[in-house]
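The values are calculated or read from the model by the stated rules, or taken from the named source; none is laboratory data. Predicted, not measured: the structure shown is a model, and the values here were computed from it. Glycine gets a Cβ as well: all are built from the backbone with ideal geometry, and neighbour counts include every protein chain shown.
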């Protein structure tokens, strides 16, 4: 089993609206591991969401592509990854600009559900995520242990 990340992690999610110039305020409690430069990735693996990475995490994901692919496949996956990526600057108020193209891809329609994960933030259309989670209700969760083992 992989070890838990050695960084400050807050769970949770918040629904936030985009302002008139396509900026989205990332909640302060989620921002601690992000610098002023973040990377947005259209999730091209099937989920209609935007993944936000710190610069360090983005580079790890990009560099890991070379571990999984080689030759012509590597070139194609690198192109797909970079074509689906965008760099954003987080201002002092914690806002990032999400292009209309990215908003359209994820069907964000004026607001985004900001879902905080240990290694990334995901931007979702709330209804789309609710449907995805409802469809996953048949997953066997009996192996999921919520005890940290310290009792």
Checklist outcome for this item: Within segment 17-48, the residues that are surrounded by 15 or more Cβ atoms within 10 Å (Cβ to Cβ) and on the phi > 0 side of the Ramachandran plot are 22
Next on the checklist: Just the residues that are out of contact with any helix residue (DSSP H, G or I) (no Cβ under 9 Å at 6 or more places or on another chain) and within 16 Å of residue 44 (Cα to Cα), please, taken from segment 99-128.
Outcome noted: 101, 102, 103, 104, 105, 125, 128
Checklist entry - helices (runs of 4 or more DSSP H) wholly in segment 14-107 with at least 3 residues that are under 14 Å from residue 123 (Cβ atoms) and modelled with pLDDT of 95 or more - which ones? => result 100-105
Item to check | One residue from 101, 109 being closer than 20 Å to residue 128 by Cβ, out of contact with any strand residue (DSSP E or B) (no Cβ under 7 Å at 6 or more places or on another chain), without any contact (Cβ under 8 Å) to a residue 12 or more places away in the chain and surrounded by fewer than 19 Cβ atoms within 10 Å (Cβ to Cβ) | outcome: 101
